[in-house]
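Input: a single structure, listed below in structure tokens.
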Amino acid sequence: MKYKIIVILVILISSVIIVNYDKNIFSTNDTRLEQVKFNKMDAVDFPFKDLSGDNFHLFDIKDKTILLHFWASWCGICKVEFPALLDLVHKDPNLVFLAVATDDEIEDAVKFLSVMTRRHPDKVNNGRVYLTWDRDSEISIKTYNVKRVPETFVINKDFKIFDKIIGNQDWYSKEIRDRLKE
Amino acid sequence: MPSKLFSLLSFILFILLSIPAMADNKPFIIDTIPIQHEGRIKPLSTYSEVLLLKTYGKKSFNEMSSEQFLTELLLDSKNALKRPIFNIANPDIVHLLGLEYDSNHKYNFIELLQSMSSRMEMINKLNELDPAKLTGSQSQLLNLYINLMEYFEIARSLSLVKYEFEINNIEVSELLNVNMGDKLNYLDMIQRKARYKQVFHKLREYSKPAQDDILKIGEKLRVLSRDKNAKIFRVMPAQGVRKDNTWFSPWEVMNMGEGTPETAKLISLWTDLAVAYRVKDEELWNKSYLEIIGITSKYIDPNKTYFEKIYNSFDLFKISTGLYLIALLLIGLYAFSGKLVILKVSNVIIMSALIIHGLGLLSRMYIMGRPPVTTLYESILFVGFISVLFSMLLEYRNKNSIGSLIAAFTGSFFLFLSIKYVGDGDSLGVLVAVLNTNFWLATHVVTITIGYGACFVAGLLAHIYLIQKSFNFQDKISHNSTFNNMIGVSLIALFFSILGTILGGIWADQSWGRFWGWDPKENGAMFICLWLITLLHGKLAGQLKPIIFAYGMVLTNIVVVLAWFGVNLLGIGLHSYGFIDSVATNIVLFIIIELSFIIFIISARQLRKKNEV
């Protein structure tokens with residue numbers, strides 16, 4: 001009988017340990033809720049017309065890391081950080097910049113962008129900056145679920161989203177530079 | 001062999017009888033889609049039960065399942081808000097709200113809202129008071145108001161994807177660049193807000209019918225935008241924008257900057273689901289439903305949510321409670337008739353109940369990914385399981401019906417007790433931080449609770465021994481066998497209690513930085529060990545007579561109950577499961593019953609001695 005009791009005890013204890021044995025046995029985190037950042041989410045392609053009138057697809061410019069930036073001319077902080085973004089892209093040849101203006105009227109966006117072009121012609125016309133206006137919010141609300149600005153998606157060469165940056169940022173900071181590197 | 005066959009057949013029969021018909025995955029019912037609620041990701045099936053229990057007090061509403069009910073609330077809220085879903089048992093509240101109290105006392109949202117809105121001043125005042133100072137009726141009224149608001153919030157959760165706008169004016173359709181007769185939702189309208197603004201500014205230039213339509217659209221947009229605070233329906237997985245893992249409601253996604261192409265896709269799928277529900281398009285429903293499950297499967301294993309939905313529909317513990325009770329009755333019958341076949345049948349029933357009980361525990365382990373001993377409710381279920389298991393091992397060894405009696409008794413007792421502590425919400429709750437370590441939870445807490453279970457079995461054996469001894473039931477050999485079993489089980493109890501206490505110390509050393517801190521629960525665990533050691537030592541050294549040892553073992557039950565439940569009453573210490581008012585009364589009642597039992601046995605024995613003299 002004693003032998004049987006010992007066997008039962010051993011089975012009980014080991015079954016408890018076996019049932020709960022997983023790779024995170026000593027971890028204090030709840031692994032089920034562990035987040036997988038953007039979960040290798042595919043970016044979604046869309047057509048857009050550059051303000052110069054040329055037609056593109058997002059997919060066409062994916063040979064570099066894309067900064068897909070949503071902004072509006074009525075948004076003060078968007079206007080404040082716009083030159084910094086242009087500067088960042090200009091200095092880093094691995095980046096392309098697509099600024100999507102969510103203004104109600106195209107004229108409002110154009111007005112601000114022409115000021116930018118006049119002040120920073122080399123940065124706007126370096127071939128890696130695309131400017132477009134989002135008529136009827138097809139890109140912002142419908143495709144990327146963006147309602148508030150500024151919001152910036154970072155898309156890699158495999159056309160996967162690997163980060164999203166909300167609100168205005170110090171684009172020169174180390175933190176942001178790190179986030180732009182996958 | 002025939003008896004084995006009989007046992008097997010009875011077992012299969014019981015399992016078949018116990019399993020309710022498995023619900024098919026019917027169209028137009030949302031059940032397995034995950035939601036984040038109270039910190040845990042669970043199927044909407046579980047959430048729907050929680051919601052219905054809170055308002056209606058049952059897990060189904062008339063002929064509707066909780067899932068059907070939730071689906072209607074989400075996708076056809078106009079209809080759902082008219083259903084008498086609020087069960088108000090307290091007539092004072094009904095009168096306070098100016099409603100008529102009848103035997104049915106079920107009220108719908110609209111009538112309750114109407115009477116509440118004229119009494120908002122009173123509700124606001126109650127809300128400002130200290131909850132501890134509220135009377136029963138006052139806190140019930142406040143709860144009713146909170147439930148009412150939650151119910152409405154759920155009803156409005158999907159208002160942004162439902163087609164609320166129909167453009168029937170040719171002029172307006174041209175202005176907004178949509179087709180005549182098109183149905184649009186809030187998001188479609190928001191996309192066209194620039195066009196709408198232009199139109200609105202030139203309102204006077206259009207015909208009267210067009211003007212009316214334009215104004216109506218504006219008013220509807222204004223009303224709908226109020227729903228942006230609907231936060232409960234968190235079915236949009238955290239996209240990784242923020243560091244925490246909070247999921248979002250469809251309304252919140254864009255407002256919180258959580259929008260991604262994936263959330264856009266999910267919102268369009270919810271739109272399709274709403275359309276499919278309205279026009280009863282089964283194909284579209286199934287397609288969008290499966291796509292939603294497909295997307296969310298990246299965040300939670302869909303098998304787990306499906307399993308939880310099935311677990312919800314079975315109510316395994318209720319089934320095993322019933323079986324334990326039947327077995328208890330049969331054992332009573334066996335005591336009178338002495339027919340062995342009745343005992344055998346009851347053993348089969350207890351084993352079936354034990355298996356179902358165990359399946360329930362295993363299911364909870366699978367769903368939660370951790371041992372089933374994280375709340376008071378779960379520890380009761382687990383102690384019940386251990387007690388039945390030990391008792392049936394005794395029965396297997398002795399075959400004298402005592403093990404079966406204890407098994408059926410403890411099984412039904414603990415499962416009944418658990419109903420009291422299940423609460424009215426989701427019993428699969430999220431852990432308090434200190435328990436959030438699977439390894440130690442599995443070893444320390446499980447070992448300690450096995451110790452509790454063994455203590456109860458030993459305690460009950462002591463009761464039986466005392467009754468046998470005092471009333472001369474059965475012969476001396478049976479008395480001795482019961483006594484020896486009691487010693488054996490108390491040794492097992494001591495082993496697990498000491499092991500559990502030491503493991504607890506090691507865990508405490510790792511998480512709190514000290515092995516021992518004289519915390520009430522630690523003292524309780526040590527007290528169980530000391531009590532058992534004292535008794536066993538006294539017995540082994542020959543200082544305690546068997547009858548005194550048995551009295552001591554009856555008192556063990558009190559010691560365990562105090563260590564297990566009593567600690568909560570102190571309201572201090574690191575182990576409190578949370579204060580529960582009714583526990584105090586129940587503990588006092590339990591102690592009185594156990595002490596009365598001892599007094600009863602002592603007086604019965606003295607009376608017998610007198611008579612013998």
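Within the P(r) computed for the range A:40-180, what percentage of the Cα pairs occupies the region above 20 Å? The proportion of pairs with Cα distances above 20 Å equals 40 percent. Averaging the sequence gap over all C-alpha pairs within less than 8 Å and six or more residues apart, then dividing by the number of residues, gives the range B:163-299 a relative contact order of 14 percent. By the count of neighbouring beta-carbon atoms within 10 Å, fewest first, B:Ser157, B:Ser297 end up ordered B:Ser297, B:Ser157. Rounded to the nearest 0.05, what FRET efficiency is calculated for B:Leu540 and B:Leu595 with R0 set to 30 Å and r the Cβ-Cβ distance? FRET efficiency, B:Leu540 to B:Leu595: 0.70.
For Cα pairs less than 8 Å apart in space and 6+ apart in sequence, what is the mean separation divided by the residue count of the range A:40-180, i.e. the relative contact order in percent?
Value for the range A:40-180: 33 percent.
For the peptide A:132-140, the mean number of other protein chain Cβ atoms found within 10 angstrom of a residue's Cβ is 3. One equal scatterer on each Cα of the range B:235-347, no solvent, Debye formula: the resulting log10 I(q)/I(0) at q = 0.14, 0.23 Å⁻¹ is -0.71, -1.19. Divided by 2.2 N^0.38 Å, where N counts the residues, the Cα radius of gyration of the range B:163-299 comes to 1.22.
In summary, the aspartates and glutamates within cross-link reach of A:Lys111, defined as a Cα separation below 14 angstrom excluding same-chain residues under 8 places away, comprise A:Asp103. Each of B:Ile170 and B:Lys125 was given a label point 7 Å from its Cα along the Cα-to-Cβ line. The distance between the two points is 6.1 nm.
For the protein assembly as shown, the convex hull drawn through the C-alpha positions has a volume of 222 cubic angstrom per residue.
Relative to the first principal axis of the alpha-carbon coordinates of chain B, what is the inclination of helix B:44-55, with its axis defined by its Cα atoms, in degrees from 0 to 90 and to the nearest 10? Helix B:44-55 sits roughly 80 degrees off the main axis of chain B. Kindly flag which residue pairs out of A:Lys123/B:Lys265; A:Lys142/B:Lys106; A:Lys64/B:Lys42; A:Lys64/B:Lys197; A:Lys147/B:Lys298; B:Lys344/B:Lys469 have an alpha-carbon separation exceeding 31 Å in this structure. Where the Cα-Cα span goes over 31 Å, the pairs concerned are A:Lys123/B:Lys265; A:Lys142/B:Lys106; A:Lys64/B:Lys42; A:Lys64/B:Lys197.
Mark the label point 7 Å from the Cα of A:Phe56 along Cα→Cβ and return the residues of the range A:140-173 whose backbone N is within less than 14 Å of it. Only A:155 fall inside the zone, counting backbone N under 14 Å. Taking amide H as placed 1.01 Å from N in the peptide plane, B:Asp182 has its amide H under 5 Å from the amide H of B:Ile167, each at least 5 places away in sequence or on another chain.
Can you work out the base-10 log of I(q)/I(0) for the range B:108-177 at q = 0.24 1/Å, using the Debye formula on its C-alpha atoms alone? Taken in order of the listed q values, log10 I(q)/I(0) reads -1.07. Straight-line reach from B:Lys125: taking Cα to Cα under 20 Å and skipping same-chain neighbours fewer than 8 places apart, the lysines in range are B:Lys133. Under the combined filter of DSSP loop state and at most 15 neighbouring Cβ atoms within 10 Å, the range B:463-560 retains these trypsin sites (Lys or Arg not before Pro): B:Arg514. Dipole size of the range B:142-186 about its Cα centre, with +1 on Lys/Arg Cβ and -1 on Asp/Glu Cβ: approximately 180 debye, rounded to the nearest 20. Size descriptor for the range B:431-613, Kirkwood hydrodynamic radius: 17.7 Å (Cα pairs only, one decimal).
For peptide A:143-152, how many partner chain Cβ atoms fall within 10 Å of a residue's Cβ, on average?
Taking the mean over all residues of the peptide, I get 6.
Among the trypsin sites (Lys or Arg not before Pro) in the range B:306-394, those placed in a DSSP loop whose Cβ has at most 12 other Cβ atoms within 10 Å are B:Lys339. If you model the range B:262-304 as an ellipsoid using its alpha carbon gyration tensor, with each semi-axis the square root of five times an eigenvalue, the axes come out at 20, 12, 6 Å, biggest first. Excluding same-chain neighbours fewer than eight residues apart, the aspartates and glutamates reachable from B:Lys54 by a Cα-Cα span under 14 Å are B:Glu150, B:Asp424, B:Asp426. Taking Cα atoms only, the orientation of helix B:340-368 departs from the longest principal axis of chain B by about 40 degrees. With only the Cα atoms considered, chain B has a convex hull volume of 208 Å³ per residue. Given a cut-off of 19 Å, what percent of all Cα-Cα pairs of the range B:34-155 lie beyond it? Roughly 49 percent, once rounded to a whole number.
Counting only cysteine Cβ atoms and a cutoff under 4.7 Å, the protein assembly as shown contains unmatched residues B:Cys455, B:Cys529.
Close amide H partners of A:Ala72, meaning residues 5 or more places away or on another chain with modelled amide H under 5 Å apart, are A:Thr102. Take the Cα of B:Ala584, step 7 Å toward its Cβ, do the same at B:Gln606, and the gap between the two points is 3.3 nm.
Any read-out appearing in this document is the output of simple, stated calculations on the displayed coordinates, not a laboratory observation. Nothing here was measured: the structure is a model prediction, and the numbers come from that model. Reconstructed Cβ throughout: ideal geometry from the backbone, glycine too, with neighbour counts over all protein chains shown.
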